Amino acid sequence: MTDIRDAVATPAAKPGTPTLEVRDLHKTYAGIEVLKGVEFAIDKGQVKAVLGPSGSGKSTMLRLMALLEPADRGAILLNGKRIGAEDRGGRMHHYPERRLAVERRDIGMVFQRFNLFPHLNALENVALGLTSVQDVAREEAKERAYKMLSRVGLGDRDHHYPSELSGGQQQRVAIARALVLNPQVMLFDEPTSALDPELVGEVLDVMEQLADEGMTMIVVTHEVRFARRAADQVTLFDSGIIVEQAEPEEFFENPQHERTKQFLRHVH
Amino acid sequence: MLFDPEIFFQQLINPAYLWGALLSIAVAAVSLIIATVIGFFIALGNTSKKPYYRGPAAIYTWFFRAIPALLLLLIMWNALPQLIPALKADWYTPFIAASVGLGLVESAFMAEIIRSALNSVDDGQALAGRALGMKPAAVMIKVVLPQAIRTALPPTGNEFIGLIKYSSLASVISLRELLTTAQIGVNITFRYAEYYAVAIIYYLVIVTLVTLLQSKVEKRFAWSSRNAPKRSVRTLGTQTVAVATAASRRRAADEPDETAETDDELAAREAAEAAEARLEKKGATE
Ligand SMILES: Nc1ncnc2c1ncn2[C@@H]1O[C@H](COP(=O)(O)OP(=O)(O)OP(=O)(O)O)[C@@H](O)[C@H]1O
Ligand SMILES: [Mg+2]
């Protein structure tokens, strides 16, 4: 019997090295600087919740961390090893897409709008990464996909297509799809923002379970309750930089920065 | 000279018509295959961000959109063998010349259909595939194409029907397809009404069959657990490309543009990027 623990990070680096780290991350879109030097690190088994106003660059940070888009400047390190790009002759050189694809395999990503593949049923959605990325044989992939679906409570929905699942179920399939590849870190981009309120709980439950089992997670969210309960640290992100970072209790009860106090007044 | 049912029925079962009909379908099918393959790469070029892919693709589309099919067929059959002696050989038949000629003309239109179908696939799809660690080719083949094919099927069916009709142009290069068969009969007997009526019947039957086939194929792309077959959609996808390989022009030339506008709102930056990466890969190996 597999449990989610099996999916949690395989080897890693020396103690003290963060699982994922970004240094001085910059990104500009159409002349507008969206990331202005983000410094962020997460250790193995840690859960970090990222809060912040709309348009502040949270999704951009996650997309860059997941190597889905090139950074303009800065470095991304997985277990202390730089990924995505290298410096050659003082200039940043991004790796070609095929190499990035390989490096992405250690990083799982869950999107706000689920982005399940509509032409595949739930089981095939979860199995696709195994067969096409990890070259797992079809039958074994289906078996592992089925187990992972069962772990997120959808063992009875394996032959349903995304259009036949509720939003909460779709997002759980999306989590299983990322998880089945044994990523070292999972990135969540507002995983419950597109859900009807009554469906939020089932997704948060799965994520909390995952956190309890030791998965390394970065969760961009507006769910204060989740941040309080599941996160080891809460981060306020604003206007392209990290403003404040603290343990949940401290963050919510005794924020240090004026910007954080302001933000929390809006959320509460 | 009244309509003589006897002549009509006699011709209806004349094997020459059946042969002509099969030839029309075959020319249409082969040229649609050619057009789909070329059209796919032209569509990738058109959606590329790199000018050195976009330019040639645009010139190709511009050229073959402008050339009348009839002129191209005449060039294929009369002019090319003069320029390329190898084409004087026996294997270069009117069938091949017609299939390639119509395929080239058609490819400009298929490129538009395929481009708009690729664009209609949500950005998030390729993004999710890439996030899983899939390489550009896998993202294209396993994620984007199966969804694009569903969008491209209806207009491609129209193109196939159009190509069956356009195959009659190949009479100028002495291909005995359906309409030419009727015309030859007319030239001998002057029984216009009866011979043309037979041709009408054949065209009606062919188009009816194609329409039935098309709706059958489209049903397989319903993506629902109720009527979906056991096998994965991916295998069906390849099957479909093979089956629906052939097609029309004017009407369809307008259609994809209409869909393209609404689809563009959804946009396909990711699909384009994946497509581009594919081209990049090709370029890199050269
Ligand atoms: N691909 C892009 N092209 C141009 N601008 C972009 C792109 N992606 C993001 N932006 C801009 O960057 C800024 C930050 O966007 P981002 O999606 O990262 O914010 P966010 O913090 O995730 O907001 P939200 O809470 O609304 O999701 C926005 O102003 C957005 O318009
Ligand atoms: Mg966002």
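Of all positions in segment A:104-119, at least one carries a residue that is open to solvent by 70 Å² or more (accessible area, probe 1.4 Å), within 18 Å of the chain's Cα centre (by Cα), basic (K, R) and within 13 Å of chain B (Cβ to nearest Cβ). Those residues that are of a type outside the set (S, T, N, Q) and within 12 Å of chain B (Cβ to nearest Cβ), I need them from segment A:177-187; list them, please. Residues satisfying the conditions are A:R177, A:A178, A:L179, A:V180, A:L181, A:P183, A:M186, A:L187. Can you confirm whether segment B:89-105 contains a residue that is facing chain A (nearest Cβ under 10 Å) and surrounded by fewer than 22 Cβ atoms within 10 Å (Cβ to Cβ)? Within segment B:89-105 (the criterion being facing chain A (nearest Cβ under 10 Å) and surrounded by fewer than 22 Cβ atoms within 10 Å (Cβ to Cβ)), the answer is no, since none of the residues qualifies. Away from chain B (no Cβ under 14 Å), surrounded by fewer than 21 Cβ atoms within 10 Å (Cβ to Cβ) and within 16 Å of ligand 1 (Cβ to nearest atom), is that true of A:H222? So A:H222 fits the description; yes.
Residue-by-condition table, conditions (1) out of contact with any Gly (no Cβ under 9 Å at 6 or more places or on another chain); (2) within 13 Å of chain B (Cβ to nearest Cβ):
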{"position": "A:D43", "(1), (2)": "no, no"}
{"position": "A:P53", "(1), (2)": "yes, no"}
{"position": "A:S59", "(1), (2)": "yes, yes"}
{"position": "A:L77", "(1), (2)": "yes, no"}
{"position": "A:I83", "(1), (2)": "yes, yes"}
{"position": "A:G89", "(1), (2)": "yes, no"}
{"position": "A:R98", "(1), (2)": "yes, yes"}
{"position": "A:A101", "(1), (2)": "no, yes"}
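Return the residues of segment B:121-135 that are open to solvent by less than 20 Å² (accessible area, probe 1.4 Å), within 9 Å of chain A (Cβ to nearest Cβ) and not in a helix (DSSP H, G or I); say none if nothing qualifies. Once the filter is applied, which keeps residues that are open to solvent by less than 20 Å² (accessible area, probe 1.4 Å), within 9 Å of chain A (Cβ to nearest Cβ) and not in a helix (DSSP H, G or I), segment B:121-135 yields B:L132, B:G133, B:M134. The listed residues are A:G80, A:G84, A:G57, and the only one of them that is more than 16 Å from ligand 2 (Cβ to nearest atom) and in contact (Cβ under 8 Å) with a residue 40 or more places away in the chain turns out to be A:G80.
Cβ-Cβ distances below 9 Å connect the following pairs, each with a first residue in segment B:136-157 that is within 15 Å of A:L116 (Cβ to Cβ) and more than 9 Å from chain A (Cβ to nearest Cβ), a second residue that is modelled with pLDDT under 95 and assigned to a helix (DSSP H, G or I), and a separation of six or more residues or different chains: B:V144/B:E270; B:V144/B:A271; B:V144/B:A274; B:V144/B:A275.
Results for (1) touching an Asp or Glu at 6+ places or on another chain (Cβ under 9 Å); (2) under 25 Å from A:L116 (Cα atoms); (3) more than 16 Å from ligand 2 (Cβ to nearest atom); (4) open to solvent by 10 Å² or more (accessible area, probe 1.4 Å), shown as yes or no for each residue.
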| position | (1), (2), (3), (4) |
| --- | --- |
| A:V173 | no, yes, yes, no |
| A:V180 | no, yes, yes, no |
| A:P197 | no, yes, yes, yes |
| A:V234 | yes, no, yes, no |
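Being of a type in the set (D, E) and away from ligand 1 (no atom under 16 Å from the Cβ): is that true of A:E124 here? So A:E124 passes the test. Taking (1) more than 16 Å from ligand 2 (Cβ to nearest atom); (2) within 23 Å of A:H257 (Cα to Cα); (3) open to solvent by less than 20 Å² (accessible area, probe 1.4 Å) in turn, A:H26 satisfies each apart from (3).
The helices (runs of 4 or more DSSP H) found wholly in segment B:27-87 and carrying at least 1 residues that are open to solvent by 20 Å² or more (accessible area, probe 1.4 Å), assigned by TED's automatic domain parsing to the domain that holds B:F109 and more than 18 Å from B:S174 (Cβ to Cβ) occupy B:51-66, B:80-83. Only one entry in A:H160, A:H266 is over 20 Å from the mean Cα position of the chain (by Cα), within 16 Å of ligand 1 (Cβ to nearest atom) and open to solvent by 10 Å² or more (accessible area, probe 1.4 Å), namely A:H266. When we screen B:R231, B:R250, B:R226, B:R220 for residues that are modelled with pLDDT of 85 or more and either open to solvent by 90 Å² or more (accessible area, probe 1.4 Å) or in the same structural domain as B:I33 (by TED's automatic domain parsing) (or both), the only hit is B:R220.
The values are calculated or read from the model by the stated rules, or taken from the named source; none is laboratory data. Keep in mind the model is a prediction, meaning the values are calculated, not measured. Counting neighbours? That spans all protein chains shown, and the Cβs are built from the backbone with ideal geometry, glycine included. Note: accessible area is taken over every heavy atom of the protein model, side chains too, but ligands, DNA and RNA are not part of it. Shrake-Rupley method; radii C 1.70, N 1.55, O 1.52, S 1.80 Å.
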